[in-house]
Amino acid sequence: MATQQSDAELIVSLQARVKELETENAKLLAQLADCHSHEMEEKLHGPDGKDREAKEGNRKFEKKIEKKESGYDTRFMSHHSKRYVALKVMYFGKRFYGFASEAQMQPTVESELFKAFEKTRLLIGDKKESQYSRCGRTDKGVSSVGQVIALFLRSNLKLSAINNGNSGEVVLDEKHEGEIDYVRVLNRVLPNDIRILGWCPAPVDFHARFSCLSREYKYFFWKEKLNIPAMESAGIKLVGEHDFRNFCKMDAANVHNYRRHITLFDISPTDVRYNGNQLWVIKIKGSAFLWHQVRCMVAVLFMVGKGFESPNVIDMLLDTTRIVRKPQYTMASEVPLVLQCCEFDDIKFICSSDAGDALRLHLVNECQMYHLQATIFHEALLNCVPLSNDQSLLPFQATKKKVSHVSLMSRPTEPSYEERRAKLNTVA
């Protein structure tokens, strides 16, 4: 217990130190931007203010700018005012290889966002200089209606006289009258499956990941013949602080604490029905989540709902002194998973009426388009399944293969955390 407490104190201490360093970094970036702006002025106009663009050095500089895919050099924007902004982002994850641009495949949601930042001339400096942070790193195919990112963006606000007109200064106040309509400007250039839902001025020590108080996920599924009360009984066991190493994809090289706190579990029906089947949703809320944690938890809940496992299997998997190696099982599909919202202190997202109207119209059009596509697929279904007169009003029931289930406690297991660490140390 003492070790757990010391780990918690260490995490709090490190998070506080990260915020201190980010605040200092923001101040240094502002100074650097100011110095760079004066340097650019001298290169272009010289100390006496005369135009020197005809010189060879400047010609080369302009050619470099022209070669950039975005059409401009973000460093050239450093004389503009900037402010630290939090953005609320939604995206339909089907075509993306995850959110983070570090993924080996393209496109990612993050890469599309930065294309939009560059196209709208909102980005000042490169990604590192923008002090960029993201709340969640969703996987390939996962969607979100409440992802949050934060970074420095160009500002329209004029700085007070106390700044002596210096360029590249950081706007620190919270007012937004006369500010760039970030939602409207970005949504004009983003692809149809990504939208900014709102923006908020953020303090320079804000971090989209470490400042987050809680994250909430939703997982949609068709009820079919699942035993919902059994799933609910099993799901409630997940609430509280537990070691979830048997409910995640273990990253022993980077993650050493697998205790997480789940604050809410709920399972309820939606108002969507199709072919005699009702769509249900699992809601899970927690302070933070491990890699693939939600999909692993849902996979085990489905086993319970199908009668393959008892709700008590949750207790056994949470007892890491007894089950030290995770049984091998397949995660639930990524497609129905949605990052619903991320909660912060003192972050209230805003959206202008014009941007809000355009956003709602776009989302309505997208919903109608998906309904049309669903209708076409339904027509195809009706045309490929011959129905007799006495069966025409009955819902089509697809025949599913019976899958032989091997109990989780009887399955092969993955290496434990200690075994993985030992192997890493041997390689090192």
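See the values below:
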{"quantity": "Per-residue SASA entry for Phe210, accessible area with 1.4 Å probe, Å² rounded to 10", "calculated": "70 Å²"}
{"quantity": "Apportionment of accessible area to carbon and sulfur, the stretch 214-342, percent (1.4 Å)", "calculated": "50 percent"}
{"quantity": "Size of electric dipole in the stretch 214-342: Cβ of Lys, Arg +1 and of Asp, Glu -1, about Cα centre, debye, nearest 20", "calculated": "160 debye"}
{"quantity": "Listed residue pairs exceeding 24 Å between alpha carbons, taken from Lys94/Lys423; Lys115/Lys140; Lys128/Lys218; Lys88/Lys127; Lys283/Lys402", "calculated": "Lys94/Lys423; Lys128/Lys218; Lys283/Lys402"}
{"quantity": "Segment Ala16-Lys94, extension gain: residue separation times 0.36 nm, minus the distance between their alpha carbons", "calculated": "24.4 nm"}
{"quantity": "The stretch 214-342: relative contact order in percent, alpha carbon pairs under 8 Å with at least 6 residues between", "calculated": "40 percent"}
{"quantity": "Normalised contact order of the stretch 277-387, rounded percent, pairs of Cα under 8 Å and 6 or more residues apart", "calculated": "22 percent"}
{"quantity": "Three-way shape label, the stretch 214-342, alpha-carbon gyration tensor, a/c 1.5", "calculated": "prolate"}
{"quantity": "Long-range HN-HN contacts of Val89 with modeled amide H, under 5 Å", "calculated": "Gln147, Val148, Ile149, Leu197"}
{"quantity": "Calculated from backbone phi, Karplus (6.51, -1.76, 1.60) coupling profile of the stretch 267-278 in Hz, x at Gly/Pro", "calculated": "9, 8, x, 9, 8, 9, 10, 7, 6, x, 10, 10"}
{"quantity": "Extension gain from Glu241 to Asn312, taking 0.36 nm per residue of separation minus the Cα-Cα distance", "calculated": "23.8 nm"}
{"quantity": "Spin-label model distance (nm) - His378 vs Tyr329, 7 Å beyond Cα toward Cβ", "calculated": "3.4 nm"}
{"quantity": "Charge sum, other residues only, whose C-beta stays under 10 Å from Met90's C-beta, Lys/Arg counted +1 and Asp/Glu -1", "calculated": "+1"}
{"quantity": "Per-residue SASA entry for His80, accessible area with 1.4 Å probe, Å² rounded to 10", "calculated": "60 Å²"}
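The values are calculated or read from the model by the stated rules, or taken from the named source; none is laboratory data. Keep in mind the model is a prediction, meaning the values are calculated, not measured. Please note: Cβ atoms are built from the backbone with ideal geometry, for glycine as well, and neighbour counts cover all protein chains shown. Side chains included, ligands, DNA and RNA excluded: accessible areas come from the protein's heavy atoms. Shrake-Rupley method; radii C 1.70, N 1.55, O 1.52, S 1.80 Å.
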